[in-house]
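Accompanying notes for the structure given below.
The values are calculated or read from the model by the stated rules, or taken from the named source; none is laboratory data. These numbers come from a predicted model, not from an experiment. Using ideal geometry, Cβ is built from the backbone for each residue, glycine included, and neighbour counts are taken over all protein chains shown.
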Amino acid sequence: MSLHAARNNALNRTIGLVTSTSLVVGCVIGTGIFLKPATLAAHAESLAIVIAAWVAGGLLSYSGALTYGELCARLPMAGGEYAILRETWGRFPAYLYGWMRFTIGAPGSAASYAVGAATFLHVALPYEHLGLHIWQMAVFFILLFTVINTLTIHASAWVQVLLTAIKVLSLLLIIGLLFFVAPPSTAPQPPTHWPGALKFSAALMAVLWAYDGWNNLPMLGGEVKNAQRNLPLALAFGLASVIIIYVVVNLALFRVLSFGEVLAANPSIVNGAPPVATAALEKILPNLGVRIVAILMLISALSAMNGSILASARVPYAMAADGVFFRTLGKLSSKHALPIASTLAQGAVASVLAFSGTFDQLTDSVVFASWLFYGLTAAAIFKLRRMHSGDTYNGFKTPLYPILPLLFLVCAAAFVIYAIIATPGLTAIGLGAIAAGIPLYFVFTRREN
């Protein structure tokens, strides 16, 4: 039995289709749907183009998810993208991806979600009188969910399904209130016109950020039941659900708010401005709208954080099991076969980032690298098909091959180029952070030999 097979056989395949789908939905729907409509309105300049950007970004992400669906069906292993990169492009590119995920990508995301959750909690229930600061509450959230993810896979799955269900049901309730209770805006919508390629590209980048997170599920490839079937189904069903929710939420928001009111609901530009969802709910719940949206954003952030902690811990575990990372992180608990050491290590790094307040700069610095690895992973489908061209394969195949993988590759390349041009300084920092792990790779491989 190979090392890779032994590693995946050591894990318990207990995650079903419902949990897998909830992980996709829970990791994608974070805070973007509450914050990005105002940004999109500024770039798109009309409702029709706003909706077009949400649909286009959703379809581009969907092309990536369907491409990953076949890759996961062919290689349902722990570590997701790390395992796919290792099997197709070799250990060194896979290691660089794993290093980026362990040091910045995963803990930076968890820290970002945790600080967001702590901020939303403070809006709904101010806690400064208890002597607590936002960073302390953020670290508490990270440690709490890190501990939950070291108990049993069933505990992690139950929490994920519960938080995702609450989030989706709350969004459906808001949609119902805005469509059937709130009075519609009487202000005319601006005329539809093409804002230009640059502005639409900026809108599309904002949308793709809101759709990010669907790639977390493949990291649990060694623990999903009937993985060849359930992984692609969960990716397809989960992301399709998100696309529909995003589009309908935007239609509901623009039904209640004028285009100008949506533009003004941008806290990153207008100091003290409420998020667009808050501005819409205040039309019918003037005293409760702020707290309702804050609670929903809190649940949404915690759901995404739990999914990130659960999935991301499998990457350093897979690396360590392959001999290219710290050996301790490659051990499983004897009782429940969980990568506890890896989970605790990720939680510790995330806590440090939340305490230091540097996670925003760090995560921004590796946005281009994340999409570089997305593209490299998607490109693996071409090599994998060539490698096994003579084999009989009856599992899931990416529809409209090779169009969808090529479409996603173009999207990934555009994202990388945009990041390099728009933020050259952050790009250089990201490259430096990734390059810092190269010497360790040779230390690990020399030790293994």
| Can you tell me which of A337, A320, A279 is in a helix (DSSP H, G or I) and either under 25 Å from the mean Cα position of the chain (by Cα) or closer than 30 Å to V18 by Cα (or both)? | A320
| note | If we keep only residues of segment 125-155 that are assigned to a helix (DSSP H, G or I) and modelled with pLDDT under 90, then the residue nearest to the chain's Cα centre (by Cα) is I134
| said: Looking for something of a type in the set (D, E) and assigned to a helix (DSSP H, G or I) - is there at least one such residue anywhere in segment 250-264? | reply: yes
| said: So K383 ticks every box in (1) out of contact with any Lys or Arg (no Cβ under 9 Å at 6 or more places or on another chain); (2) farther than 20 Å from P232 by Cβ; (3) touching a residue at least 40 places away in the same chain (Cβ under 8 Å) but one. Which box is left unticked? | reply: (2)
| Count of segment 392-427 residues which are of a type in the set (G, A, S), surrounded by fewer than 18 Cβ atoms within 10 Å (Cβ to Cβ) and free of Cβ contacts under 8 Å to residues at least 60 places away in the same chain | 3
| Out of the residues in segment 212-229 that are within 19 Å of the chain's Cα centre (by Cα) and part of a helix (DSSP H, G or I), which is farthest from Y82 (Cα to Cα)? | W214
| task | For segment 348-365, state whether one or more residues are within 23 Å of V25 (Cα to Cα) and surrounded by 23 or more Cβ atoms within 10 Å (Cβ to Cβ). | result | yes
